[in-house]
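See below for the structure under consideration.
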Amino acid sequence: MYKALFFMHPAPVLTVSELRKEFDGVTAVDGISFQVGSGEILGLLGANGAGKSTTLQILLGLTTPTSGKVEVFGMDLNQHRVEILQRCNFSSAYTGLPANLKVWENLLVFATLYQVRQARKKIDSLLELLEIGHLRNHVTGHLSSGESTRVHLAKALLNDPALLLLDEPTASLDPDIADKVRKLLRRIQREQGISMVYTSHNMRDVEEVCDRIVFLHRGKILATGSPAEITAHFERSSLEDVFIRVAREGDQLLKP
Amino acid sequence: MNLHRVGGLILRYTFLYTRSVPRVLEMFFWPVMDLLVWGMLTQYLQTGPYHLPAFIRFLLGGMILWDVLYRAQQATTISFLEDVWARNLMNVFVAPVRLREFFAATFCVGTLKIVVTVAVLAVLSATFYDFHLLSLGSALAPLFVNLLIMGWSVGILTTGMILRWGQASEALAWGIPFLLQPVCAAFYPVSTLPGWLQPVSLAIPATHVFEGMREVLAGQGLSPARLAWAFSLNLVYLSAASLLFRRLFHQARSKGLLAKLGTQ
Ligand SMILES: Nc1ncnc2c1ncn2[C@@H]1O[C@H](COP(=O)(O)OP(=O)(O)OP(=O)(O)O)[C@@H](O)[C@H]1O
Ligand SMILES: [Mg+2]
């Protein structure tokens, strides 16, 4: 058992040390440190404005941190951005794809950017995996939000990323599709050993998908642990109750 | 520079422009309208009560070449805005794409579009107004290239401004070329400008292109000095624009604007 765990999480895929981000006057991320092991799914949790998206944007090199260090695959993000991005991917409910292109055209463009071999075959297999094969020739702008979420996920899996960053990937999915997406994420994690950092406001998502949670409050880490450990730590019966407690009493909880 | 990725971006623009009737029409609508107005005007000036010499047709040359500059700038900035409008900016910039690859792709696609537009204008102006763009002979290529480069510099700059100051500065994307138009002597010689403005005008690469065009059309041939001025000024401005863009890009990343512009 110990051995199995050891082999599941050897060297960390992502190491964040003392990360801080200030936007003139506002401290969005306040000195956080955490690691993500190989094949681990880490949930970033916290109320609106806690600093989740900012953290992901820094991990993607879109936003530069005020201080602190990010290492991905053992490389410094600041110095090896392009090499790192080649093996990462990202999906969010808040981005879009060019609306007048067909689904396969959009995916082919990104497959080319990531230099995916046998791109068309890869695209077809991902569309099948996400159960949207029938949308292949649809115009992207005409998709429902749930359909387009899955197209975004297909885009995020094109390059077989070793690290997948997901900002509220299940926002706007109906319960049935959300359930399928959760199971799918679990499955690709099992089969391909992909590490993920995952933000969501859906506690069900987090309980089901995440191995470990980092609870953020006003840019600081309040607690870290498995969903069960976190619920026990805050003396609540569900993650949903923990969330509400943190949102209301977070400031006191932050005090040592 | 990774040509594979440049190819990927070019592929995207190819899909984008061939899938959209308005975008294809836009390539021809305004230039053809402009050509009609200027063509009619030159015809009137030549055959009406004024009987101006045939040289007046250089106005059509000015109009077509101005369009090269304007469209080179637009192609760069609008390509960027297309991603902003589609909320696709983040997807592109979290892909392993370098800035120079991004711009190389917009330059390639922009040049291709401009060549098509100019070819159509050249045929129309030759057919209806007896103005032959090819009469510029071997001077055409260097003049054209200099206008492209200057358009890219302005395009890089306006793109940087939109990145830094948001979509509110989009108006700049449309407006800045027209700030240059009166000064760069597209339709009249530099000597027409007030004395104090002439040095400013001569510091613009396009001025040397338009002066050169008039010289060629007047049968004097293109002086190497003109060309040297245009190329050197272009080199300076393109480098300055790239440096400035890097700065603005850096500021945008530090203020989290790349992500904001990509999701709003
Ligand atoms: N570009 C920016 N400029 C200024 N302030 C910013 C910027 N981006 C984020 N912030 C601020 O930083 C804080 C953290 O924002 P962030 O978007 O990371 O929160 P979040 O945890 O993702 O919230 P949500 O659950 O609402 O998505 C907020 O107070 C926000 O107002
Ligand atoms: Mg967020």
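Every number here is computed from the coordinates shown, using simple stated rules; none is lab data. Only a predicted model underlies this, so the values are computations on that prediction, with no experimental measurement involved. Glycine gets a Cβ as well: all are built from the backbone with ideal geometry, and neighbour counts include every protein chain shown.
For the reader, a short list of remarks on this structure follows.
- On the principal axes of its alpha carbon atoms, region A:45-162 extends 46, 35, 23 Å, with the longest extent given first.
- Cα-based helix-to-principal-axis angle, B:224-254 vs chain B, degrees rounded to 10: 20
- Segment B:ASN2-B:GLU26, length gained on full extension (0.36 nm per residue, minus Cα span): 5.6 nm
- Taking all C-alpha pairs of chain B, those more than 35 Å from each other amount to 19 percent.
- Folded to 0 to 90 degrees: helix A:103-113 orientation relative to chain A principal axis, Cα: 70
- Subtracting the Cα-Cα distance of B:SER239 and B:LEU99 from their residue separation scaled by 0.36 nm leaves 49.0 nm.
- Rg and Dmax of chain A, based on Cα coordinates, read 18.3, 56 Å.
- Cα centroid separation, region B:194-228 to region A:89-147 (Å): 50
- Inter-chain shielding of A:154-160 (mean C-beta neighbours from other protein chains, 10 Å cut-off): 1
- Surface/4 of the Cα convex hull for region B:1-78, nm²: 6.9
- Considering only B:ALA168, B:VAL97, B:ALA230, and ranking their Cα positions along the charge dipole of region B:3-263 that arises from unit charges at the beta-carbon of Lys, Arg, Asp and Glu, the one farthest toward the positive end is B:VAL97.
- On Cα atoms only, tilt of B:3-18 relative to the major axis of chain B in degrees: 70
- Cβ-Cβ FRET estimate between B:ALA218 and B:HIS51, R0 fixed at 22 Å, reported to 0.05: 0.75
- Neighbouring partner chain Cβ atoms per residue of B:244-254, average, 10 Å criterion: 2
- Dividing the Cα radius of gyration of region B:35-142 by 2.2 N^0.38 Å, with N the residue count, gives 1.44.
- Nitroxide proxy distance, nm - points 7 Å out along Cα→Cβ at B:VAL115 and A:LYS121: 3.4
- Every pair of different Cα atoms in region A:77-122 enters the Kirkwood calculation, which places the hydrodynamic radius at 12.3 Å.
- Cα-based equivalent ellipsoid of the protein assembly as shown: semi-axis lengths in Å, sorted from largest, via gyration tensor: 54, 24, 18
- Ranked by the mean number of other Cβ atoms within 10 Å of their residues, highest first, the peptides A:91-102, B:153-164, B:97-108 fall in the order B:153-164, A:91-102, B:97-108.
- Using bins of 10 Å that start at zero, the share of Cα-Cα pairs per bin across region B:110-227 amounts to 12, 35, 36, 14, 2, in whole %.
- 17 Å reach of a label modelled at A:VAL139, 7 Å along Cα-to-Cβ, counting backbone N of region B:21-53: B:21-26
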